[in-house]
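All of the numbers you see were taken from the coordinates with simple rules; none came from a lab. All values reported here derive from a predicted model rather than from experimental measurement. Cβ atoms come from the backbone with ideal geometry, glycine included; neighbour counts cover every protein chain shown.
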Amino acid sequence: MQPSAPPFDERLTAPRSWWFIAFGVGVACALMLLPLGTLPMLAGLVGGTAAAALVVSGYGSARIRVVAGSLVAGEARIPLSALGEPEVLDAEEARAWRTHKADARAFMLLRGYVETAVRVEVTDPEDPTPYVYLSTRDPRGLAAALSAVPTV
């Protein structure tokens, strides 16, 4: 029996302040409809808040997992055998890899509100993606989960 990677599962949820902004969008919609009466105003409050909450929820639903010998990051599923050694990036280095060091061919699951990240080289010669960049609040845990798989 081959040991598997330690489980890693992280959801990159949006900050709490974004939910207050979503409510603020609802209030703004309500104020725009105020001249039309009370019912349209309430409909604007509920509808605007719900629409903004869906946007915040959708953006904050990105998930990073290491399961069954694969890295699952958002829509991507990459076998761990196709990845090199992970590199833990502090806030300054992560910002550099998001901006001037970035390669347009790289797979990037980034969230601006998460300061730290992990960068992993893609070693599959058939894959044109040079590396995977993942925003994470627990870069050491993700790196440990990616490194724990024995090489064959």
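The table below gives the values:
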quantity	calculated
Most mobile listed residue (Thr38, Thr13, Thr136) in the chain, GNM with C-alpha springs under 10 Å	Thr38
Cα shape, the range 49-91, gyration tensor, a/c 1.5 rule	oblate
Amide H within-cut-off set for Thr136, under 5 Å, with H built and near neighbours excluded	Thr116, Ala117, Val118
Relative contact order %, the chain, counting alpha carbon pairs below 8 Å whose residues are six or more apart	25 percent
Choice from Ala43, Ala73, Ala82 showing the highest fluctuation, given a GNM over the chain with Cα pairs closer than 10 Å	Ala43
Net charge contributed by nearby residues that have their C-beta within less than 12 Å of Val118 (K/R +1, D/E -1)	-4
Which labelled figure in (i) 204; (ii) 123; (iii) 133 is volume of the Cα convex hull per residue in Å³, once derived from the coordinates	(iii)
